[in-house]
Amino acid sequence: MSKVKVHNMNALAIYVTDLDKSKAFYIDQLGFEEGEEMQPGILLRSGDVTLYIEAARTKRKSESREVSEFSHALPPTASGNLMKH
């Protein structure tokens, strides 16, 4: 089976230690615009990119990796090939 190439990623969830500081960083330093509040976090937008930031509920071990949300786009030919499997 051939590998599918992801061409676009437009939504990401990030868990942060300080929601207010992180919100200020993404807005003031990276130019994101404030979107809707989605308790316990907030949506930020920049062009086609949507970022959801939320204060982490518990401190994680440094070796821990977790993906909460993953959004991607596939070209029409790739999605057709996936449907065959």
Within region 1-53, residues touching a residue at least 24 places away in the same chain (Cβ under 8 Å) and more than 16 Å from the chain's Cα centre (by Cα) come out as Met1, Ser2, Val4, Lys5, Thr17, Asp18
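Before we move on, is Glu34 of a type in the set (Asp, Glu), part of a strand (DSSP E or B), surrounded by 14 or more Cβ atoms within 10 Å (Cβ to Cβ) and at pLDDT 90 or above? Before you say what the answer is, go through the steps one by one.
Details: of a type in the set (Asp, Glu): yes; part of a strand (DSSP E or B): yes; surrounded by 14 or more Cβ atoms within 10 Å (Cβ to Cβ): no; at pLDDT 90 or above: yes.
So Glu34 fails the test.
The values are calculated or read from the model by the stated rules, or taken from the named source; none is laboratory data. Not measured: the values here are computed from a predicted model. So basically every Cβ, Gly included, is an ideal-geometry build from the backbone, and we count neighbours across all protein chains shown.
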